[in-house]
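*Asks:* What follows is a single structure, and I will ask about it in a moment.
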Amino acid sequence: MVRAISPLFAIGSAMNYRHAYHAGNFADVMKHAILTLVVESLKRKETPFFALDTHAGIGAYDLASVAADKTGEFRDGIAKILAAPQCPEEMTPYLTLVRQWNSSGELRHYPGSPEVVRGLMRPQDRLALVELHPEDVEVLRHRFSGDRRVGVHHMDGYMAAKGLLPPPERRGLVLIDPPFEVRDEIEQLCKALARVLKLWRTGTYLVWYPIKGREPIDRFHAEIAAAGGPNTLAAELLIRPTDDPFRLNGCGLLLVNPPWKLAQSLEILLPWLAETLAPGRGGYRLESLIGE
């Protein structure tokens, strides 16, 4: 199944990405809205689940900070979503969390993926956060100190799986959300995904990637498909025409072992996000790379 409003662009050169500048942007909205749907699906069973975030960052962000204000990307992301007159039901878990972080009604704080997952966890669930940057990992340790459900690990995200997977819970998710600061990030992603699937084939994996030009993305998808493996979806959101291959035109998530009926939810969510965030110029794509 493919839905594309306009051609998508793909990865290309390194991004030199520091998330404080981009918190709450369109990519965060898409990624975290889908992440909440995955976590909610795991909660349908009483048994505990395990979540691993391989590139955790600092966990949450101040949208009034110098970094966030400098780019203002949240204004074309979460701010637009909160201002939308109507939202589909699929956005409810995500928006509930964001509003809890901004109880005064003023948009000031944005939860990163670690706080998105923690905000949805139950007492029996467990979260592992991995971060390589020495300053960021100290922020994480301070933020999550006292929460016995959460472990913080100072290590390379791609290597974390070796010691943390498979989890004793035997069910859960892995979020792989690298900064794309090196040119061979896609190659590293493919290798890392192959490693973790050998360790834990039944886990649900969410792998984020930027979209600049289409050709590198097609090669990426072809490599994933050729490798075989579990059921895999590629969900993509485009926010602008793809006539400039040197800017971030969209983003995607690979979803390995997606929850039951997630594809149907994405058929509603993705076109709404495209029209709300980029009316008249946005697009989306939902494609099965490996079927069941």
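No value in this document is a laboratory result; all are computed from the given coordinates. All figures in this text were calculated on a predicted structure; none of them were measured in a lab. Glycine also receives a Cβ, built like all others from the backbone with ideal geometry; neighbour counts cover every protein chain displayed.
*Asks:* Rank the residues V29, V139 as a footprinting-exposure proxy: fewest other Cβ atoms within 10 Å of their Cβ go first.
*Replies:* V139, V29
*Asks:* Now, a different point. When Lys and Arg each count +1 and Asp and Glu each count -1, what net charge do the other residues less than 15 Å away from Y158, Cβ to Cβ, add up to?
*Replies:* Overall, the nearby charge balance is -4.
*Asks:* Considering just Cα atoms, how many Å³ per residue does the convex hull of the chain enclose? Can you show the working numbers first?
*Replies:* Values: hull volume 36.2 nm³, N = 292.
Output value, Cα hull per residue: 124 Å³.
*Asks:* What's the extension gain from A84 to E267 if we count 0.36 nm per residue and subtract their Cα-Cα distance? Could you put the intermediate results ahead of the total?
*Replies:* Details: separation 183, 0.36 × 183 = 65.88 nm, distance 1.88 nm.
Length difference between fully extended and current span is 64.0 nm.
*Asks:* Follow-up. Only Cα pairs within less than 10 Å get springs; with that Gaussian network setup on the chain, which residue of T232, T92, T276 has the largest fluctuation?
*Replies:* Result for the chain, Cα springs under 10 Å: T92 fluctuates most.
*Asks:* Which GluC sites (Glu not before Pro) from the stretch 43-150 combine a DSSP loop assignment with at most 10 other Cβ atoms within 10 Å?
*Replies:* E46, E106
*Asks:* With springs connecting C-alpha atoms under 10 Å apart, model the chain as a Gaussian network and identify which of V98, V66, V150 has the largest mean-square fluctuation.
*Replies:* Maximum fluctuation in the GNM of the chain, among the listed residues, is at V66.
*Asks:* Still on this structure, please answer the following. Once phi is turned into ³J(HN,Hα) by the Karplus curve 6.51 cos²θ - 1.76 cosθ + 1.60 with θ = phi - 60°, what whole-Hz value does each residue of the stretch 271-281 show in order, with x for glycine and proline?
*Replies:* With coefficients 6.51, -1.76 and 1.60, one gets x, 5, 4, 4, 6, 6, 7, 9, x, x, 9 Hz.
*Asks:* Take the Cβ-Cβ distance between E187 and E106 as r, set R0 to 51 Å, and report the resulting FRET efficiency rounded to the nearest 0.05.
*Replies:* Values: r = 43 Å, r/R0 = 0.84.
Plugging the Cβ-Cβ distance into 1/(1 + (r/R0)^6) gives 0.75.
*Asks:* Using +1 at the C-beta of Lys and Arg and -1 at the C-beta of Asp and Glu, which of A194, P179, N102 has the Cα lying farthest in the positive direction of the dipole of the chain?
*Replies:* So the residue we want is A194.
*Asks:* Do any trypsin sites (Lys or Arg not before Pro) in the stretch 174-262 lie in a DSSP loop with no more than 14 other beta carbon atoms within 10 Å, and if so, which?
*Replies:* Sites meeting the loop and neighbour criteria: R183, R201, R247, K261.
*Asks:* May I ask you to list the aspartates and glutamates whose Cα is less than 15 Å away from that of K45, ignoring any residue fewer than eight positions away on the same chain?
*Replies:* D125, E169
*Asks:* Nearest 0.05, what FRET efficiency do V66 and E135 give at R0 = 22 Å with Cβ-Cβ as r? Present the calculation step by step, with values, prior to reporting the outcome.
*Replies:* Numbers: r = 16 Å, r/R0 = 0.72.
My answer for the efficiency is 0.85.
*Asks:* Do the alpha carbons of any pairs in K43/K191; K31/K191; K43/K80; K191/K212 sit beyond 26 Å of each other, and which pairs?
*Replies:* Those over the limit are K43/K191; K43/K80.
*Asks:* Let me spell out the model: positive unit charges on the Cβ of Lys and Arg, negative unit charges on the Cβ of Asp and Glu, origin at the Cα centre of the chain. What dipole size does that give, in debye rounded to 20?
*Replies:* That gives a dipole near 640 debye.
*Asks:* Next up: Taking the Cα-to-Cβ direction at E215 and at D156 and moving 7 Å from each Cα, how far apart do the two end points lie in nm?
*Replies:* With each label placed 7 Å out from Cα toward Cβ, I get 2.9 nm.
*Asks:* Would you calculate a helix-derived [θ] at 222 nm for the chain, using -39,500 (n - 2.57) for each DSSP H run of n ≥ 4 and dividing by the full residue count, to the nearest 500? Write out the running numbers ahead of the final one.
*Replies:* Details: 10 runs with 107 residues, N = 292.
Only helices count here, giving -11000 deg cm²/dmol.
*Asks:* In the stretch 35-68, which trypsin sites (Lys or Arg not before Pro) fall in coil by DSSP and have 10 or fewer other Cβ atoms within 10 Å?
*Replies:* Taking the stretch 35-68 and a limit of 10 other Cβ atoms within 10 Å, the loop trypsin sites (Lys or Arg not before Pro) found are R44, K45.
*Asks:* Sum up the charges of everything whose Cβ sits under 12 Å from the Cβ of G203, counting Lys and Arg as +1 and Asp and Glu as -1, but leave G203 out.
*Replies:* +3
*Asks:* Taking the Cα-to-Cβ direction at T202 and at E40 and moving 7 Å from each Cα, how far apart do the two end points lie in nm?
*Replies:* 2.5
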